[in-house]
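Below is one structure, written out as C-alpha cells; comments come after it.
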Amino acid sequence: MTQTIIVVGGQWGDEGKGKIVDFLAEKADVVVRYAGGNNAGHTVVVGEKKFKFHLIPSGIVHQKLNVIANGTVVDPEVLVSEIDNLERMGFKIDESKLVISSNAHTILPKHKEEDNPQKSEQAKKIGTTGRGIGPCYRDKIARTGMRISEFVKADSEIATRLRPLVKDTCFIINKAIDEGKRVLFEGAQGTLLDIDHGTYPFVTSSNPTAGGALTGSGVGPTKIDSVIGIFKAYTTRVGAGPFPTELGSEEQTNAEGRWEDIAANYEKALEEALGKANEGDEYYQGKYMRLKGVEYGTTTGRPRRTGWFDGVAARYSVMINGMSAMAIMKLDVLGGLRKIKICTAYEVDGEVTENFVLNTEKLWKVKPIYEEMPGWEEDISGAKSYEDLPEEAQNYLKRIEEIANAKIAIVSVGPRRDQTIILDEKPLFD
Ligand code: GDP
Ligand code: IMO
Ligand code: MG
C-alpha cells in the first residue's frame, strides 16, 4: 500500500513536478511543500486554465489541505498575493485548505536587496532568481533569522492575514499519516541544485532531495512509502553552472532573449531549428528543445539552457534520493528529431567514469560519452498507453531505465492531466 509519496526533482529543476503533484493530488488528502521558497515556479494545466504556483503547493487546485512546511522560506508579501490570486479565481483559502509552519523562515526585504543579480556580484555569478532565498537560509543557519511565528506577531495587515494560517504543522502531518490519510510531499528545485548534493556553488540554498522532505516537514524516514523522481526526457538548466550535456552554450541561449522576444516568430523559428537540428547542428538541437518545450522560466522568464538526457546524472539522482520509480516528462518534445542522444558515461582528465563527478571544477571539464538512438517523427501528444508510443520512443524509455537504474512509473506526453501514461501503479497512491 502506498500512503505517502515524495515527489522530487531529478535534474536541475523545472522537470514538471507541478504537473505530477497535481496529478497525484487527486488521490491525496494532504500536500506538503518541504523546501525552497518562491524561487520555484510550478505550472499546472487544468483544462483550458493554466496555474502558476511559487509557494503554495500545487495541490491547492484540488482543494486538499496544503502545508507550507518548516523547511521552506516564506516571503509574506508573495504568499498573500498568491492567496489573493487564487481567491480571485474562485478558490476559498482558509486554514482548512492552507497552513504554514510556525518554524518556516521569513524572507525579509533586506534578503531580497542582497540577492539582486543586477546589483550583487554573488547573485549574478550563480544566476539566482533574486528572491532572497540564499540570504534567508544563511540567516536561518546562522541562527539570526526570523521564523514566521515571530513575523505574524507584528501589527501589520499582512501579519494579521497570515496569523490564522500559522500552525505547528509537524503535528498535523504526522496525525494525518497516523490516521491513514494519504500525504504527498511536493519537492521544489531539483537534486542537482541541492546545497549538499548538487553542483555547488551553482545550487540553491536548501535540500530539495528526498532527505529534505523529512527534515523539511518533521516526518521520519520509516513513514515514507515511495519516492518518485521527476525527469525530463532531456535536460534543462536555468542559471549558471556546469551542464555536461548542454547543446550550444549558455551565452548563445541567453542571446536569444526571453519568451516575449521570440513569441511572434515562434512557428518559423521552430521550423528552422528542426531543419538545422536534423542536419546535425548541436546548437539548433538544443534550440529546438527550448522552443518546442517552451523552456522559459516560470519565475523569471529566462530562456532555459537545454541538452540531451544525462544518464550519469540521472543514476546519481536515483541513488541520492532512493527513488522507487521515475516519471519521464515531455517525451513529446523530442518528436521530430531524427536522432536522439543519451549520455551513458563521462570522460574527464582522460579517464572514463560512469559516476557523476562531485568536484565542480572537474565537472566543468567533463566530456559526455553518448549513445545515439533513432528518434520518431510522429506527434505522440495524444498517446494514451505505452503501446500507442512508436517503437523508437519505447526503446528510448527502456534505455533510460537501464542507464538510470530505476523503473519508469509515469510517462508524460503533454502538459494536461489526460496526457499522462501510467506504466506502474505500485509506487503511486492506491
Ligand atoms: P516544475 O518546476 O518542476 O513544476 O516544472 P515547471 O512547471 O517549471 O516546468 C514544466 C513545464 O512543462 C510547464 O510549463 C508544464 O506545463 C510543462 N509540461 C509538463 N509536462 C509536460 C509534457 O509532458 N509535455 C509538454 N510539452 N509540456 C509539459
Ligand atoms: P522549480 O521548483 C529551476 C536555480 C536558479 C539558480 C540557482 C540558485 O521551479 O524547479 P536561488 O534563487 O534558489 O538562490 O537560485 O537555482 N533555481 C531553479 N532552477 N527551477 C527552480 O525551481 C529553481 N529554483 C532555483 O536559477 O541557478
Ligand atoms: Mg519550475
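Here, each number is a calculation from the coordinates, and none is a lab measurement. Predicted model only: the values in this text are computed from it and were never measured. Glycine gets a Cβ as well: all are built from the backbone with ideal geometry, and neighbour counts include every protein chain shown.
General remarks:
- For the pair Asn395 and Ser81 in one chain, pulling the backbone fully straight at 0.36 nm per residue adds 108.5 nm over the alpha carbon distance.
- For the peptides 388-399, 177-188, 347-358, 208-219, the ranking by mean Cβ contacts within 10 Å, running from highest to lowest, is 208-219, 177-188, 388-399, 347-358.
- Sorted on the mean count of surrounding Cβ atoms within 10 Å across their residues, most packed first, peptides 300-308, 67-75, 276-284 read 67-75, 300-308, 276-284.
- Among beta bridges from DSSP that stay inside the chain, the antiparallel ones total about 40%.
- Whichever lysines have a C-alpha closer than 18 Å to that of Lys140, once near sequence neighbours (fewer than 8 apart) are set aside: Lys110, Lys112
- Mean separation of Cα contacts under 8 Å, 6 or more apart, over the residue count of the chain: relative contact order %: 20
- Mean ellipticity per residue at 222 nm, deg cm²/dmol - from DSSP H runs of n ≥ 4 across the chain, formula -39500 (n - 2.57): -8500 deg cm²/dmol
- For the stretch 304-427, the C-alpha radius of gyration divided by 2.2 N^0.38 Å, with N the number of residues, is 1.12.
- Gyration tensor verdict on the stretch 158-220 (Cα atoms; rounded if a/c is under 1.5, prolate if a/b is larger than b/c, oblate otherwise): oblate
- Cα shape, the stretch 246-307, gyration tensor, a/c 1.5 rule: oblate
- Stretch gain in nm, segment Trp364-Ser156, where the contour uses 0.36 nm per residue and the Cα spacing is subtracted: 70.1 nm
- Set of aspartates and glutamates with alpha-carbon distance to Lys92 below 14 Å, sequence-local pairs under 8 removed: Glu82, Asp84
- Relative contact order for the stretch 246-307: 46 percent, from Cα pairs under 8 Å spaced at least 6 residues apart, divided by residue count.
- Part-to-part distance (alpha-carbon centres) for the stretch 70-117 and the stretch 305-330, which is given in Å: 30
- The peptide list 48-58, 88-98, put in order of mean Cβ contacts within 10 Å with the highest first, becomes 48-58, 88-98.
- Spin-label pair Glu425/Asp168, simplified geometry with 7 Å Cα→Cβ offset, distance in nm: 4.0
- From the Kirkwood radius over Cα pairs of the stretch 4-232, Stokes-Einstein at 20 °C and 1.002 mPa s returns a whole-number translational diffusion coefficient of 123 µm²/s.
- Three-way shape label, the stretch 186-241, alpha-carbon gyration tensor, a/c 1.5: oblate
- What the phi angles of the stretch 256-273 give under the Karplus curve with 6.51, -1.76 and 1.60, with θ = phi - 60°, is a coupling list of 5, x, 7, 3, 4, 6, 10, 3, 5, 9, 3, 4, 5, 5, 5, 5, 4, 4 Hz, glycine and proline written as x.
- Alpha-carbon centroid distance for the pair the stretch 180-217 / the stretch 367-415, whole angstrom: 26
- Where the alpha-carbon atoms of the stretch 111-173 are placed on the principal axes, they occupy 39, 27, 20 Å, in descending order.
- Listed by chain and number, the aspartates and glutamates whose alpha-carbon sits under 14 Å from that of Lys365, ignoring those within fewer than 8 places in the same chain, are Glu246, Glu347, Asp349, Glu351.
- Exceeding the 25 Å Cα-Cα cut-off - candidates Lys232/Lys276; Lys125/Lys341; Lys97/Lys407: Lys125/Lys341; Lys97/Lys407
- Over 30 Å between alpha carbons, listed pairs Lys287/Lys367; Lys119/Lys367; Lys19/Lys362: Lys119/Lys367; Lys19/Lys362
- Rg and Dmax over the alpha-carbon atoms of the chain stand at 20.8, 64 Å.
- The label-point distance for Glu347 and Glu179, in a model that sets each label 7 Å from Cα toward Cβ, rounds to 5.9 nm.
- Distance in nm between pseudo-label sites at Thr222 and Ala264 (7 Å out along the Cβ direction from Cα): 6.4
- The relative contact order of the stretch 358-430, computed from alpha carbon pairs under 8 Å that lie at least 6 residues apart in sequence, is 26 percent.
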